[in-house]
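This report concerns only the one structure given below.
The values are calculated or read from the model by the stated rules, or taken from the named source; none is laboratory data. Note that the structure is a prediction, hence the values are computed from the model and not measured. Note: ideal-geometry Cβ built from the backbone for every residue, glycine included; neighbour counts use all protein chains shown.
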Amino acid sequence: MERSDIRCTDLLGHFVCGDRCEVMRQIPDNTVHLIATSPPYNCGKDYGTVSDKLPWETYWMQTREWLAEALRVTTQGGRLAVNLPWWMGKKPRRDVPYELQKTALEVGWTKLDKILWVKGDEKNIHTSGGYGGNGSGWGTYLSPSGPAIRCASEPILIFAKGGRGRRVLSGEGRGLCVRGDMTKAEWMEWTMDVWFVRGASNGAHPAVWPAEIPRRLIKLYTYPGDVVLDPHNGSGTTTETAKQLGRQWIGIDANPAYCPNGEAQRPAVAGTLPPLVGSSEVPK
Ligand SMILES: C[S@@+](CC[C@H](N)C(=O)[O-])C[C@H]1O[C@@H](n2cnc3c(N)ncnc32)[C@H](O)[C@@H]1O
């Protein structure tokens, strides 16, 4: 399917309330350039309409299902960025990035990169205990008997559909890839695998990610005019950021309370897709 066929969907520019798989089934094949998302952590948050405390096997069965649907809608060379916790549960303690990567590879995604998101800056790392060194692990305090390590970071796993990258060519010479809209300083900072970004919270949602995370992912992996999807859009951080950056977007969330009416009922934007940045795009 050609890039412009995304115009077929009237979901473009909408924050849609519903189950991620059911809604994604309405999106044509090979039309989304980046899926940037933070799925439920299965840690008992109150999301209203869906459980955040599923049995381990059910959680991964459902994850496999949305990862497969996500792969179908992604364009060749398009990317998936998933932010998750390191661990689920205590007894046993389960390794989430390991399981996510295994599942993603099984459904056909290609492994690309792993980013360590550290919540804070180098001097003030954020744990739930706060900033400025107040937070630490506990366990057996000051004793090597059984120290507990507390999470002040989260992984962001990056995958691609098909090969390693996208080649959007300028048409001025073979292999000349069109630049995106990153500055040199952004490129230098964001292509390192450690990102220091302070966590966020708002009154509208129990588990938001800071807009700086989707901002980096969107500018790093898409061109202006590309299509960005978040199937766990929550309070809309990803799609709001995509809109501000001049990308096309689709947001999905199961809880209608998170879908602002103004967005959900916006008329479709079919036919308004900006022209391609480069003259041709070929899978790498
Ligand atoms: C970690 S939150 C995402 C928060 C978002 N990044 C933000 O900044 O607001 C996960 C979201 O997934 C949604 N969710 C859970 N299961 C879902 C499903 N089956 N289909 C669609 N959304 C779902 C929850 O309602 C919740 O808003």
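At a glance:
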| read-out | value |
| --- | --- |
| Count of region 34-65 residues which are surrounded by fewer than 21 Cβ atoms within 10 Å (Cβ to Cβ), within 14 Å of the ligand (Cβ to nearest atom) and in a helix (DSSP H, G or I) | 6 |
| Candidate set from region 177-199 (those that are part of a loop (DSSP other than H, G, I, E, B) and within 16 Å of the ligand (Cβ to nearest atom)); member that is modelled with the highest pLDDT | V197 |
| Tally, over region 200-217, of residues that are more than 10 Å from the ligand (Cβ to nearest atom) and in contact with a Ser or Thr (Cβ under 6 Å, 6 or more places away or on another chain) | 1 |
| Unique match (being out of contact with any strand residue (DSSP E or B) (no Cβ under 6 Å at 6 or more places or on another chain) and either free of Cβ contacts under 8 Å to residues at least 12 places away in the same chain or over 19 Å from W117 (Cβ atoms) (or both)) among R166, R179 | R179 |
| Unique residue being over 30 Å from G77 (Cβ atoms) and in contact (Cβ under 8 Å) with a residue 40 or more places away in the chain when the list is G13, G18, G44, G48 | G48 |
